[in-house]
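All remarks here apply to the structure that follows.
The values are calculated or read from the model by the stated rules, or taken from the named source; none is laboratory data. Not measured: the values here are computed from a predicted model. Heads up, the Cβs are rebuilt from the backbone with ideal geometry, glycines too, and the neighbour counts pull from every protein chain shown.
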Amino acid sequence: MAGIAIITGASGGIGFHTALELARQGMRVVVASRERDRGEAAAARIPKAAWQELDLADLGSVRRFTQRFLEAHDRLDLLVNNAGVMAVPRRELTADGFERQFGVNHLGHFALTGLLLPVLPVGARVVTVTSSLHKRGRIDFDDLMGDRRYRQLGAYAQSKLANVLFALELGRRTPLTSVLAHPGVAHTGLARTPSPVRAALIALARLSAQSAAAGALPSLHAATHPEVTTGEAYGPDGIAERRGYPTRVEVSGRGRDEDDARRLWAISEDLTGVRYGTFAGAQ
């Protein structure tokens, strides 16, 4: 397949294997990540790939990244919103004052996608990577940033539910093919922040985890399969969607709540300053 793709968090783990396979299938790939050394090393291992700096915890970085891309390209065929942070043990804030997991996992990707609309043609795919833990999440509209009460896994589940609400609302608001994917349980560096919860997660994950390459398969299916349509979600076909081959999966009832999706969308526009307006690729 031809065209150009941006994969966030592609310097390692699931993002790297997603980028590698897309390049093998003929796409030009932008490895979008925060750390230069890791990003350039990853891009060097991927055919026709280039690294560009993107820190989703800093809206200034998101704007600089998109400006550079828009100056160099008039088309984007695929955007994979893959990067994320998980189980940050103590409440941390992004450069813009957002709780880190909500800020990186949801708001950074919300802003990135909106700013890239001018080069996304009708039908272009946007794959948003969520987690099966979104089913445990709830959007606390009265305490989105965890000011009153911060729970590391609760904040993560909220951010992953926000991914679902965003992706489904994006499909309703634009003629893009907006699809969800989740990797199941895979060996990655996602929960790298030292904490007792992290240690417990790693110990549990090792019992049934699949490789990062296998974890990338649902994202790749969502990105490339010709019969994928807007609003679908893909994950592993094994027990509890923990591992296996890609299959169609269902999101939670909270993830399908259109009132919450519209409310979260309006809040996200206000927080990021990115307003989607009229779909710019529909000319």
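Things worth noting here:
- Exactly one residue out of 116, 78 is within 16 Å of the chain's Cα centre (by Cα), among the hydrophobic types (A, V, I, L, M, F, W, C), buried (at least 18 other Cβ atoms within 10 Å of the Cβ) and more than 23 Å from residue 267 (Cβ to Cβ): that is 78.
- Filtered by the rule that a residue be under 10 Å from the mean Cα position of the chain (by Cα) and either of a type in the set (A, V, I, L, M) or in a strand (DSSP E or B) (or both), segment 127-137 gives 127, 128, 129.
- Considering residues of segment 263-274 that are over 19 Å from the mean Cα position of the chain (by Cα) and not small (Gly, Ala, Ser) only, the residue surrounded by the most Cβ atoms within 10 Å (Cβ to Cβ): 263
- Selected residue [buried (at least 20 other Cβ atoms within 10 Å of the Cβ) and on the phi > 0 side of the Ramachandran plot] from 39, 13, 26: 13
- As for segment 98-108, it holds at least one residue that is at pLDDT 95 or above, of a type outside the set (Lys, Arg), surrounded by 20 or more Cβ atoms within 10 Å (Cβ to Cβ) and more than 14 Å from the chain's Cα centre (by Cα).
- Of all the residues in segment 225-246, those that are in contact with a helix residue (DSSP H, G or I) (Cβ under 8 Å, 6 or more places away or on another chain), surrounded by fewer than 14 Cβ atoms within 10 Å (Cβ to Cβ) and among the hydroxyl-bearing types (Ser, Thr, Tyr) number 1.
- Of residues in segment 39-63 being of a type outside the set (Gly, Ala, Ser) and over 19 Å from the mean Cα position of the chain (by Cα), the one farthest from residue 20 (Cα to Cα): 40
- Residue check for residue 90: crowded, with 16+ Cβ neighbours inside 10 Å and farther than 15 Å from residue 166 by Cβ: no
- Candidates are the residues of segment 241-283 that are aliphatic (A, V, I, L, M) and at pLDDT 95 or above; the one that is nearest to residue 136 (Cα to Cα) is 251.
- Flag for residue 140 being part of a loop (DSSP other than H, G, I, E, B) and either among the polar types (S, T, N, Q) or closer than 16 Å to residue 264 by Cα (or both): yes
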